[in-house]
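In what follows, a single structure is set out as structure tokens and then discussed.
The values are calculated or read from the model by the stated rules, or taken from the named source; none is laboratory data. Computed from a prediction, not measured in an experiment: that's the story for all the values here. Methodologically, a virtual Cβ is constructed for each residue, glycine included, from the backbone with ideal geometry; neighbour enumeration extends over all protein chains shown. Please note that ligands, DNA and RNA were not included when accessible areas were found on the heavy atoms of the full protein model with its side chains. Shrake-Rupley method; radii C 1.70, N 1.55, O 1.52, S 1.80 Å.
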Amino acid sequence: LRAHAVDVNGNQVENPIDIVINVIDMNDNRPEFLHQVWNGTVPEGSKPGTYVMTVTAIDADDPNAQNGMLRYRILSQAPSSPSPNMFTINNETGDIITVAAGLDREKVQQYTLIIQATDMEGNPTYGLSNTATAVITVTDVNDNPPEFTAMTFYGEVPENRVDVIVANLTVTDKDQPHTPAWNAMYRMTGGDPTGRFTILTDPNSNDGLVTVVKPIDFETNRMFVLTVAAENQVPLAKGIQHPPQSTATVSITVIDVNESPYFVPNPKLVRQEEGLLAGSMLTTFTAQDPDRYMQQTSLRYSKLSDPANWLKIDPVNGQITTTAVLDRESIYVQNNMYNATFLASDNGIPPMSGTGTLQIYLLDINDNAPQVNPKEATTCETLQPNAINITAVDPDIDPNAGPFAFELPDTPASIKRNWTIVRISGDHAQLSLRIRFLEAGIYDVPIVITDSGNPHASSTSVLKVKVCQCDINGDCTDVDRIVGAGLGTGAIIAILLCIIILLILVLMFVVWMKRRDKERQAKQLLIDPEDDVRDNILKYDEEGGGEEDQDYDLSQLQQPDTVEPDAIKPVGIRRLDERPIHAEPQYPVRSAAPHPGDIGDFINEGLKAADNDPTAPPYDSLLVFDYEGSGSTAGSLSSLNSSSSGGEQDYDYLNDWGPRFKKLADMYGGGDD
């Protein structure tokens with residue numbers, strides 16, 4: 001504070017002075033930890049003096065005085081195993097370190113410490129204190145190797161099976177599950193030189209799964225004895241006295257199963273000349289059964305595939321014989337090769353079978369004579385130009401095919417007289433006219449073609465030559481006429497059949513049209529089910545509303561086509577649609593059609609007559625379409641006189657009919673009153 005001395009007049013009498021007031025701290029605040037719960041970790045097996053964590057508290061009092069000087073200490077440790085003082089704390093800094101050995105996660109996984117902070121430099125008498133909790137987790141290290149639960153494991157596997165688990169290897173590891181220190185790896189150290197097995201690790205159970213990866217033959221190996229080692233993914237911690245791995249033995253028994261027979265060799269190749277006759281022995285095709293230790297009878301053979309049905313096999317000894325002549329030119333032979341498949345079956349449980357393919361390479365023989373190609377040709381009737389190029393076709397192959405020899409036969413004599421043939425290459429020749437002119441038409445020219453086989457094969461092929469008139473360019477001008485004249489019997493029959501079918505179709509169409517017309521005429525007399533008038537009431541007109549308000553379809557009500565003359569009808573009997581002939585109230589005469597089509601036309605005619613009559617009543621009044629006719633047995637309504645009072649009748653009997661007729665009795669039975 002600054003103080004001033006002044007007189008009563010306010011004049012300064014002394015220099016101002018400063019007054020300093022020091023606030024002396026009192027210990028009125030407890031220490032406060034930054035966190036109420038502190039978490040830390042320490043690896044198991046840590047040596048004494050290993051740093052764990054630091055706890056911190058603050059005090060609002062003067063940090064330079066004893067009121068704000070804090071000191072830390074551990075009040076308790078839980079659990080107290082293996083020692084009650086496993087940790088210590090620096091009383092000034094709050095650093096927690098280990099002071100004893102023996103941290104083992106497999107025994108104690110977590111410690112809980114109660115930490116106290118006291119001011120007044122830790123004076124328990126005058127200082128204020130507060131507590132917090134320190135949770136120390138012991139982390140795992142690989143201090144325990146995996147150990148097999150048994151020294152020997154057993155398993156079995158059927159032969160020829162793969163991807164099959166044959167044994168389950170179980171281990172125990174005290175380290176924390178699903179960590180690299182717990183995960184086990186398995187390897188085979190002996191007993192599997194060919195690599196038929198592998199061991200996979202189950203990630204959930206840590207078991208080793210011995211799996212077959214290559215087929216095993218019982219007849220070769222009946223049992224395997226494997227040596228297996230297990231170790232962790234990470235090496236053991238330093239100073240651990242246990243061995244780093246555990247070993248065990250796996251004994252695997254192979255189960256014999258019924259295996260399929262197999263042909264030897266497969267496929268089997270046989271070279272054979274074509275033309276082998278039916279019933280000839282071709283070869284023997286047998287199979288072997290790999291099951292040497294099973295009690296089985298001999299194999300049975302059957303045919304599985306034989307496209308041309310040329311072969312059969314003996315079911316006991318596998319001898320194959322022919323059932324037809326082998327033909328290299330068959331459509332079932334590809335590149336001189338014919339394939340057939342056979343089946344060998346045993347009687348095991350379950351029965352098994354195997355297939356084998358027999359390949360027959362057919363050697364060509366000269367069993368086909370050459371033929372001319374094309375079968376038809378066209379030439380001019382004059383000498384020039386008249387060359388026809390032809391080709392010899394032979395299904396056989398060299399040396400039983402070309403070059404070919406072409407010649408004309410000696411008979412009939414007209415062939416050589418009219419034609420000549422010249423070979424221009426091994427497979428081609430030219431046929432031409434020998435004479436200067438040959439009449440247009442179709443000629444069959446036989447040609448003898450001989451191949452180069454040993455012995456030779458020859459045939460006489462007929463070339464159909466169409467001789468025609470040609471223009472200056474050598475093109476036929478009457479080829480259509482020649483072709484038409486040369487139609488074969490088959491073509492003519494086909495044309496006739498087409499004409500007959502067309503006529504039948506036309507006749508059927510005509511019959512159908514006539515039948516449809518008859519049905520249409522018959523339907524005109526029928527009534528549509530929706531318009532059936534039976535058990536229904538049809539309105540022809542209404543008294544009020546006018547005829548324009550009505551729209552009735554009366555087309556189905558037909559009228560007979562003829563009207564009988566009046567002369568032949570008895571007196572007093574008339575048609576309802578005829579006008580009266582005696583003196584009746586006169587109505588406008590409508591135009592009478594001699595033969596009205598139906599009642600609808602009849603009514604419409606009356607409607608038009610009424611509409612055009614200037615003396616007719618208005619539309620909303622009763623319209624008279626026609627006279628009802630005479631001879632009615634009912635009396636006329638005009639005899640009822642509405643003006644009569646009825647006083648002459650006696651209505652006293654109404655009083656006897658009860659109270660319901662009392663009103664009528666009063667009205668009519670009371671006399672004049």
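Overview of values
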{"item": "Residue in the stretch 336-354 that is farthest from Asn258 (Cα to Cα), counting only those that are among the polar types (S, T, N, Q) and at pLDDT below 90", "result": "Asn336"}
{"item": "Residues of the stretch 303-353 satisfying the condition of being open to solvent by less than 20 Å² (accessible area, probe 1.4 Å), outside any loop (DSSP other than H, G, I, E, B) and closer than 30 Å to Asp398 by Cβ", "result": "Leu311, Ile320, Thr322, Tyr338, Ala340"}
{"item": "Options Thr198, Thr170, Thr189, Thr133: the member that is under 30 Å from Pro43 (Cα atoms), touching a Ser or Thr at 6+ places or on another chain (Cβ under 6 Å) and among the β-branched types (Val, Ile, Thr)", "result": "Thr170"}
{"item": "Residues that are within 12 Å of Asn418 (Cα to Cα) and either assigned to a loop (DSSP other than H, G, I, E, B) or open to solvent by 70 Å² or more (accessible area, probe 1.4 Å) (or both), drawn from the stretch 429-471", "result": "Arg434, Ile435, Arg436, Phe437, Leu438, Glu439, Asp444"}
{"item": "Output for the stretch 361-415, where each listed residue is touching a Gly at 6+ places or on another chain (Cβ under 7 Å), under 18 Å from Val467 (Cα atoms) and either at pLDDT 85 or above or not in a strand (DSSP E or B) (or both)", "result": "Pro385"}
{"item": "Filter result for Leu169 (in contact with a helix residue (DSSP H, G or I) (Cβ under 8 Å, 6 or more places away or on another chain) and open to solvent by less than 50 Å² (accessible area, probe 1.4 Å))", "result": "no"}
{"item": "The stretch 109-138, subset open to solvent by 20 Å² or more (accessible area, probe 1.4 Å) and β-branched (Val, Ile, Thr), residue farthest from the chain's Cα centre (by Cα)", "result": "Thr125"}
{"item": "Residue within the stretch 3-21 that is under 26 Å from Thr125 (Cα atoms) and of a type outside the set (Ser, Thr, Tyr) present", "result": "no"}
{"item": "Residues (free of Cβ contacts under 8 Å to residues at least 24 places away in the same chain and in contact with a Lys or Arg (Cβ under 8 Å, 6 or more places away or on another chain)) located in the stretch 313-366", "result": "Pro315, Val316"}
{"item": "Residue list for the stretch 225-267, restricted to those being within 24 Å of Ser298 (Cβ to Cβ) and of a type in the set (Gly, Ala, Ser)", "result": "Ser260"}
{"item": "Verdict on Val212 being open to solvent by less than 30 Å² (accessible area, probe 1.4 Å) and touching a residue at least 24 places away in the same chain (Cβ under 8 Å)", "result": "yes"}
{"item": "The stretch 26-43, residues that are more than 30 Å from Asn67 (Cα to Cα) and more than 60 Å from the chain's Cα centre (by Cα)", "result": "Val42"}
{"item": "Candidate set from the stretch 139-161 (those that are modelled with pLDDT of 90 or more, outside any strand (DSSP E or B) and of a type in the set (A, V, I, L, M, F, W, C)); member that is least open to solvent (accessible area, probe 1.4 Å)", "result": "Ala150"}
{"item": "Search result, residues across the stretch 420-443 that are in contact with a Lys or Arg (Cβ under 6 Å, 6 or more places away or on another chain) and of a type outside the set (S, T, N, Q)", "result": "Ala429, Ile442"}
{"item": "First in the stretch 154-182 and more than 17 Å from Gln233 (Cα to Cα), second anywhere and in a loop (DSSP other than H, G, I, E, B) and open to solvent by 80 Å² or more (accessible area, probe 1.4 Å), Cβ under 8 Å, 6 or more apart", "result": "Val162/Lys214"}
{"item": "Odd one out for Asn15, checked against (1) farther than 29 Å from Leu128 by Cβ; (2) of a type outside the set (Phe, Trp, Tyr); (3) open to solvent by 60 Å² or more (accessible area, probe 1.4 Å); (4) assigned by the TED database to the domain that holds Thr125", "result": "(4)"}
{"item": "Tally of residues being at pLDDT below 85 and over 60 Å from the mean Cα position of the chain (by Cα) across the stretch 434-451", "result": "7"}
{"item": "Pair list, Cβ < 7 Å and 6+ apart or interchain, from the stretch 5-25 residues that are closer than 30 Å to Ala65 by Cα to residues that are small (Gly, Ala, Ser) and outside any loop (DSSP other than H, G, I, E, B)", "result": "Ile17/Ala3; Ile19/Ala3"}
{"item": "When residues of the stretch 267-302 are limited to those that are open to solvent by 80 Å² or more (accessible area, probe 1.4 Å) and in contact with a strand residue (DSSP E or B) (Cβ under 8 Å, 6 or more places away or on another chain), the one farthest from Ser330 (Cα to Cα)", "result": "Gln288"}
